């Protein structure tokens, strides 16, 4: 279903990003894995799985998505290697959790820079390719924290709420060029980032009775990548917790 397409996925060396990369590869897409310092081995392993299990092309790129210049350079490298980009998944994200009254300025700034500005940077540099192709799909990974807030996560919730506003604005700007932009709002997904959340009392409030899997989010991403009449949507993958 995605054969002949190139998908760029940030934060794709593990967790949700890895699951999306493998799902898209299984659908025939070539994969550009963007990873951060210290995750080179994991990124190479994801690329190897894509190649060996699905026979697609896969390359990895070290990039700090918070940097406007680094993302510009990385997109240029991907264009040189793959020719163009058809799908962009903005998944890279970090947390620096603490109560607002004790939150350090640098922890607020770091989360906004990676989670929100990082998505803007990648969209900004890929948009020209999408416009030239007269097609494109942007999938931004938000969070239910951005929909309903979460104590101890003012920075994270703000970044993920910002993702929703960014998504809807970009969707309106680019629809006339054949480019779609939607968001996924995961709930409590079992990944390395949420290891500390397993004892969160909110987990017991999930109507479906369990934490989600990274593959659950990947299935939603696959839907958005192929849903040609869907844009500006925020798709919850949360077991019902934000109903």
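Every number here is computed from the coordinates shown, using simple stated rules; none is lab data. If you're wondering where the values come from, they're calculated on a predicted model, not measured in any experiment. Methodologically, a virtual Cβ is constructed for each residue, glycine included, from the backbone with ideal geometry; neighbour enumeration extends over all protein chains shown.
Mind telling me which of the residues 95, 74 ends up being outside any helix (DSSP H, G or I), under 17 Å from the mean Cα position of the chain (by Cα), in contact (Cβ under 8 Å) with a residue 24 or more places away in the chain and more than 22 Å from residue 226 (Cα to Cα)?
95
Looking at the stretch 160-181, I want the residues that are under 16 Å from residue 118 (Cα atoms) and have a partner that is surrounded by fewer than 19 Cβ atoms within 10 Å (Cβ to Cβ) with Cβ atoms under 6 Å, at least 6 apart or on another chain. Which pairs are those?
164/234
Sort out which residues of the stretch 37-58 are touching a residue at least 12 places away in the same chain (Cβ under 8 Å), part of a helix (DSSP H, G or I) and more than 16 Å from residue 20 (Cβ to Cβ), and write them in order of number.
40, 44
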